[in-house]
1. Please give me, ordered by residue number, the GluC sites (Glu not before Pro) of the stretch 56-117 that lie in loop per DSSP and have at most 13 other Cβ atoms within 10 Å.
2. Could you work out what % of the accessible surface of the stretch 97-138 is carbon and sulfur, using a 1.4 angstrom probe and leaving DNA, RNA and ligands out of the count?
3. How large is the convex hull of the Cα atoms of the stretch 66-133 per residue, expressed in Å³ as a whole number?
4. Before I look further, what does the chain give for accessible area per residue, probe 1.4 Å, in whole square angstrom?
5. Pairs to check: 118/149; 142/241; 91/119. Give those whose C-alpha atoms are more than 20 Å from each other in this structure.
6. As an exercise, use a Förster radius of 41 Å and the Cβ-Cβ distance of residue 266 and residue 49 to find the FRET efficiency, rounded to the nearest 0.05.
7. Which net charge results when you count Lys and Arg as +1 and Asp and Glu as -1 among the other residues whose beta-carbon is under 10 Å from that of residue 209?
8. Note down the nm distance, to one decimal, between modelled labels 7 Å out along Cα→Cβ at residue 137 and at residue 273.
Amino acid sequence: MSALALVDKLNIFKLKKLDKETATASQLMIHKFRSNRLAWVSMWFLLVAYVVAMPFAEFFAPFESGDSWRRYTFAPPQEMHLIEKTEDGYKWAPHLSVYKVKTDMMTLQKSYELDENKKAYFEFFGQTDEYHLMGFIPMTTKFIVPHDKKLPFFWLGSDRMGRDMLSRVIHGARISLSVGLMGVFFSLVIGITVGSIAGLRGGWFDTVTNRIMEVIKAIPTLPLWMALTASLPREWDSITKYFLVTLILGCVTWPDMAREVRSRFMSLRNEEFINAAWLDGNSQASIIRRYMVPNFMGHIIAAVTLAIPAMILGETSLSFLGLGLQAPVVSWGVLLQEAQNIRSVAEAPWLLYPAGLVVVVILAMNSLGDGLRDATDPYHEA
């Protein structure tokens, strides 16, 4: 059974028939978006990813991002089993296969072999030591709780310091995915503000902002990011750098949004309902907020979903090159710094898991953006 055939059996993916002659515009938009199954599945995938990463990272991650088992460096992923065979049959006993470590005394290279006598048992929604969800909500329940924390528990393998890759990937998702949202927020605020004023008023302000946007667009994006982030003082703490990186990403990408808003405002400012708003005594800010921005809100939403992937790639690239976020902050780009060593990747290919997640999230974002863009024009037939 294919993946699309499987999701068709779920209620959330069933598409009801719609009478297009009596349906409202919002009903047509929702129906057209849901008819794009790839965009619909991408939306649910991203919803799950953001729920896991943003508010519940500590709940889903088995360990803290810095917890390590120094003896088990570059340990391969352990096989997971939910059922255990006993003399009386089978029983529910979630566990991972445990490896025993052997070190070659000549090369000091470690090798891992399956230890048949040991199993790392765990439970779902178990009790553990108190931790703080999102940094301030005390909790003692986690999604996965190992019974013996002294045994290695590497569902996705470990890195060069013996840290659990699954926990680090989940914690890193919070930073990488939130950078995209915050960067787009800054870009959206600057782009809509500048683009709306330039498109509505024109004149010298429009000329000056257009020249500024042309200069910014003429500079290659990656070198500009590198130059701006390299200028940040190294003694600043990780949180400050995090917010400044998001601000830089937003400030560099705002011309794209500003140009789209400007062109849309220039086409709307001569419409009859805008002239009526002027004659009714509305201020410029009121006309922008009440009449013009809502008129193409669907286009803005689609543009935002297509801009977030660029922000995620920007943070990942900068952190990978050592110019963005740095340890102890954990992001997908910081995790991929381990992949700069070819020997490490050859011995531990699971270090590339964050790169695979970046690719999947980017593809899902693009599919969602395409679906939203088509849905904003429900009367257009492809």
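1. On the way: sites: 58, 64, 79, 84, 87, 113, 116; in loops: 64, 79, 87.
Those satisfying the criteria are 79, 87.
2. Details: 1660 of 3110 Å².
That fraction is 53 percent.
3. Values: hull volume 9.0 nm³, N = 68.
Residue-normalised Cα hull volume stands at 132 Å³.
4. Numbers: 20960 Å² over 382 residues.
It amounts to 55 Å² per residue over the chain.
5. On the way: 118/149 13 Å; 142/241 30 Å; 91/119 15 Å.
Violating the 20 Å limit, Cα to Cα: 142/241.
6. Values: r = 37 Å, r/R0 = 0.91.
So the FRET efficiency works out to roughly 0.65.
7. Details: positive: 211, 259, 262; negative: 206, 214.
Net charge in that neighbourhood comes out at +1.
8. The answer from the label model is 3.9 nm.
The values are calculated or read from the model by the stated rules, or taken from the named source; none is laboratory data. Note that the structure is a prediction, hence the values are computed from the model and not measured. Cβ: placed from backbone, ideal geometry, glycine included. Neighbour counts: every protein chain shown. Note: accessible area is taken over every heavy atom of the protein model, side chains too, but ligands, DNA and RNA are not part of it. Shrake-Rupley method; radii C 1.70, N 1.55, O 1.52, S 1.80 Å.
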